[in-house]
Amino acid sequence: MTFRRLVIAHRNEKGMTLVELLIAMAVTAIILGGITATLWQVFTVNSRSVNHMTAVRQVQSAGYWVSQDALMAQSVNATMASSAILQLKWIEWDGVVHDIVYSIDNNSRLKRTNGASESIIASHIDPAQTNCSFTGGKLIFTVKAKVGSGSTAGTESRVYEVKPRSIK
């Protein structure tokens, strides 16, 4: 008996009209477009943020090591040829000699060489915009890092000014 009432209630309905179908498709397209744009924005902003934070970290690492060594230096050579951008020298109180050379290799990595010991202190360094100069008793170290490419590239540049302890 209940089934018969349902059939009677829906006897005059023949289905959806074309206008109703087009409106439903348009609403669905708008919702899907909004979801797609939101997801694209989340992924793009996340990549850009990660790349920028990586660039900041690399610049901070380079600045830390150069600043620490420059504070100890008794001799500064900031106008070196070849791939070396900076040479710092000092002698510890117990007679240990430190001769630190900073250079950028072909893979955009900033290297710190102390005798036979070599370590990579920063990556993604832009060799064209990273340099050192020594003026007015201060070492001025400019460093720039670029991570990624295109719209998600993250860049950071800083200028460090350090006054070495005593210049001979």
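Packing, taken as the mean count of other beta carbons within 10 Å per residue, orders the peptides 61-69, 27-35, 40-48 from highest to lowest as 61-69, 40-48, 27-35. Computed 3J(HN,Hα) for the stretch 138-147, one whole-Hz value per residue from the Karplus formula 6.51 cos²θ - 1.76 cosθ + 1.60 where θ = phi - 60°, is 10, 8, 10, 10, 10, 9, 9, 10, 9, 10, glycine and proline marked x. Computed from phi, the 3J(HN,Hα) profile of the stretch 92-101 under the Karplus parametrisation 6.51, -1.76, 1.60 (θ = phi - 60°) reads 6, 4, 8, x, 6, 9, 10, 10, 9, 10 Hz, with x in place of Gly and Pro. Across the chain, Cα-Cα pairs farther apart than 18 Å form 70% of the total. With axes computed from alpha carbons, what is the tilt in degrees of helix 18-72 against the longest principal axis of the chain, rounded to the nearest 10 within 0 to 90? The two axes meet at around 10 degrees. Could you check which residue among 131, 106, 114 shows the biggest mean-square fluctuation in a GNM of the chain with a 10 Å Cα cutoff? Comparing 131, 106, 114 in the GNM, the peak value goes to 106.
Each reported figure results from applying straightforward, stated rules to the coordinates on display, with no laboratory input. Just so it is clear, the structure is predicted and the values come from calculations on it, not from any experiment. Note that each Cβ is placed from the backbone with ideal geometry, even for glycine, and that neighbours are counted across all protein chains shown.
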